[in-house]
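Accompanying notes for the structure given below.
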Amino acid sequence: HTEPLTVLYALLFATSIMILTVIEPDKLSLTHVTVMLTTIILLPYALRTGVAIGVILAMCVPLFVLLAYVQATKAMWLAHVLFVLTGIVIGIVQRNANLNATLKMFLHRQRLLKRLQTDSLTGLANRDGWDNVAARMHQQHGKAEKPLCVLYMDLDHFKAINDQHGHAAGDAILSKLGGVMRQHVRDEDFVARMGGEEFIVLLSNMCMEQACHVAERLRGTIESMPGEVPVTVSIGVAQVQPRESLASAT
């Protein structure tokens, strides 16, 4: 409600200034300065274009009504118009600068959040990313009463792979697994690396039977991945029951 209140404040302020000017006509020469400065102060807070227009009208209409009431001279009209235009231009420039700065900060924050919630090795979401997205998906599916399934995947004998072939080979396998999983799930599904050799997939609007087909397809694709080191995975499948927590299902 901040923006409508800003317009209301501008209207009340401008009206009170005009009433005081009617009472003390000798202050007329200062009124346009007050209106200009107030417009400059308020416009940066008007985030929407409609609200910015509302602030301008709220400040200007009482002013021009006042000028007509006191039968101001042409010179006074011109002075008021010039001061008002100056205030509007400066206010809009400040408003746009604030909006651009706010947008840059928002985008920077989004990039930082994405980096913090992304596993650097596989490019999948990490545990923090999982906690953030999975809870939202679980809530949405619960409200819509749509089925939701979970695949929990573990790379077989990963410690032995690291011991025999080195950690670089293990990292390469994990990176390949991330690529395979991204390719074999839909855009509406969600994949994350929970840590080490453990991965998890949230399958949107999918029943248990369909989830088992996806798990088998993933298992076969990973097993047939080219490379010197044979790779197999174990996958657990569960369907989230109505009113069941996601932690219980996983």
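Of all the residues that make up the range 123-156, how many are surrounded by fewer than 18 Cβ atoms within 10 Å (Cβ to Cβ), more than 30 Å from R243 (Cα to Cα) and touching a residue at least 60 places away in the same chain (Cβ under 8 Å)?
The number of residues fulfilling the criteria is 1.
Out of Q94, Q71, report the one residue that is at positive phi and free of Cβ contacts under 8 Å to residues at least 60 places away in the same chain. Walk me through how you get there before you give the answer.
On the way: Q94 fails: at positive phi.
None of the others qualify; the one that does is Q71.
Residues in the range 143-172 that are in contact with a strand residue (DSSP E or B) (Cβ under 7 Å, 6 or more places away or on another chain) and not hydroxyl-bearing (S, T, Y): how many? First the steps, then the outcome.
We begin by selecting, within the range 143-172, every residue in contact with a strand residue (DSSP E or B) (Cβ under 7 Å, 6 or more places away or on another chain); these are 147-156.
Filter once more, keeping what is not hydroxyl-bearing (S, T, Y): 147-151, 153-156.
Residues that pass the stated criteria total 9.
Can A79 be described as more than 27 Å from N98 (Cβ to Cβ) and loosely packed, with under 13 Cβ neighbours inside 10 Å?
No.
Check the range 168-187 and report whether any residue there is surrounded by 11 or more Cβ atoms within 10 Å (Cβ to Cβ), of a type in the set (A, V, I, L, M, F, W, C) and not in a helix (DSSP H, G or I).
Looking for residues that are surrounded by 11 or more Cβ atoms within 10 Å (Cβ to Cβ), of a type in the set (A, V, I, L, M, F, W, C) and not in a helix (DSSP H, G or I), one finds at least one in the range 168-187, hence yes.
In the set M59, M36, which member is assigned to a helix (DSSP H, G or I) and more than 19 Å from D26 (Cα to Cα)?
M59
Which number in (1) within 30 Å of H167 (Cβ to Cβ); (2) open to solvent by less than 60 Å² (accessible area, probe 1.4 Å); (3) not in a helix (DSSP H, G or I) marks the one condition that S120 misses?
Status for S120: all satisfied but (2).
Give the range 98-113 a look and list any residue that's open to solvent by less than 70 Å² (accessible area, probe 1.4 Å) and touching a residue at least 24 places away in the same chain (Cβ under 8 Å), or say none.
The answer is L99, and nothing else.
So T250 ticks every box in (1) open to solvent by 30 Å² or more (accessible area, probe 1.4 Å); (2) modelled with pLDDT of 85 or more; (3) within 34 Å of the chain's Cα centre (by Cα); (4) β-branched (V, I, T) but one. Which box is left unticked?
(2)
The values are calculated or read from the model by the stated rules, or taken from the named source; none is laboratory data. The structure presented is a predicted model; accordingly, all values stated were derived computationally and were not measured. Every residue, glycine among them, receives a Cβ derived from its backbone with ideal geometry; neighbour counts consider all protein chains shown. Calculation scope for accessible area: heavy atoms of the full protein, side chains included, ligands and nucleic acids excluded. Shrake-Rupley method; radii C 1.70, N 1.55, O 1.52, S 1.80 Å.
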